[in-house]
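Worksheet: one structure, shown below.
The values are calculated or read from the model by the stated rules, or taken from the named source; none is laboratory data. Because the structure is a prediction, the values reported are computed rather than measured. Glycine gets a Cβ as well: all are built from the backbone with ideal geometry, and neighbour counts include every protein chain shown.
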Amino acid sequence: MDRLGERLPDQSRSSAAGISRDFGQGKRCGDRDPGRRARAVPFTSLSDLAGGASRHRGGYRSVSVPPLKIADLAAGYGKRTVIRDIAFTVEPGEVFGLIGLNGVGKTTLIKALLGLSRASGTADIFGLPAGPPKGRRLLAYLPEKFQPSPLLRGWEFLSLTLGYYGKVLDRNAATRLCEGLDLDPAALGRQGRTYSKGMGQKLGLLGTLLTGLPLLILDEPMSGLDPRARIMLKDRLKEYSVDGNAIFFSSHILADIEEMCDRIAVMCDGRLIYVGPPGDLMARHGGQNLERAFLAAIDAVAR
């Protein structure tokens, strides 16, 4: 049996899927509560909010064991193979971006890492096979198009999310991080059905970041965020990586990828055509920015 073949009997309780369920659609409202605001605690740093993740995980993380290591990975659905020959490593403290056009297999790759799609080859998370639940206990995942439960209040969602990881919600830390993501803390007292798309995305990011885990996997984390929130999220993610935490995320906003990522992987037709620093891709293809270099790279493959 290949190393990714094992499945969790009840994936709704798995740690990696703790905040990845599909919830109902809520009606829109403003990101800021027009009513009385909860008293905000000044935002300091994400290292404080995460509870000093690098200080309490003991032997789980080592500089000699990469958070994510993939080799000869193939994955797909049914009899169809969507991605093949995937190989790269994400190092401790690295922000690693995955880019590609729609339909090339980015989400398939992420699902393979979570044991949610058929896969073969090797994918290790801190030296453990990624498919079984034991290998996923050190990562937190936020899916694309996340929507909160319409019935749970924000505080209830956060408590439930952290409970999947055996953690207790620190309300002061959550309040500070709300300020760091431009989310009114008063919104946490309301049900998810009152949230706008942007507020729902911020709540999902809040739950993910508060886990303090050494590997985050984020699928389109900027989705639904306005320019201010995007800038603030980029600052939070940079802070999160300072203590050696790794971040692996996909995005179509290549300006953010260029600004944030130490290295990137470019996917085209189910295969990786480049792995390395964004600047090297730009130098190789003569692009003035990552967007133009990316298009030149995939056009070169098509010729």
Residues of the range 127-173 classified as within 16 Å of the chain's Cα centre (by Cα), of a type in the set (Gly, Ala, Ser) and outside any loop (DSSP other than H, G, I, E, B), total: 1
List the pairs whose first member sits in the range 89-117 and is part of a loop (DSSP other than H, G, I, E, B), whose second member is β-branched (Val, Ile, Thr) and surrounded by fewer than 19 Cβ atoms within 10 Å (Cβ to Cβ), and whose Cβ atoms are under 8 Å apart, counting only residues at least 6 apart or on separate chains? 92/63; 93/242
For the range 132-156, pairs from a residue that is surrounded by fewer than 18 Cβ atoms within 10 Å (Cβ to Cβ) to a residue that is β-branched (Val, Ile, Thr), with Cβ under 8 Å and 6 or more apart or across chains, are 144/107
Using the structure shown, decide if residue 224 is in contact (Cβ under 8 Å) with a residue 40 or more places away in the chain, touching a helix residue (DSSP H, G or I) at 6+ places or on another chain (Cβ under 9 Å) and of a type outside the set (Asp, Glu). no
If we ask which residues in the range 138-157 are acidic (Asp, Glu) and either modelled with pLDDT under 95 or within 21 Å of residue 245 (Cα to Cα) (or both), their number turns out to be 1
If I go through the range 119-169 residue by residue, how many of them are aliphatic (A, V, I, L, M) and at positive phi? 0
Just for the range 85-131: of the residues that are over 22 Å from residue 237 (Cβ atoms) and among the polar types (S, T, N, Q), which one is surrounded by the most Cβ atoms within 10 Å (Cβ to Cβ)? 108
Take the conditions under 17 Å from the mean Cα position of the chain (by Cα) and closer than 30 Å to residue 138 by Cα and apply them to residue 265. Does it pass? yes
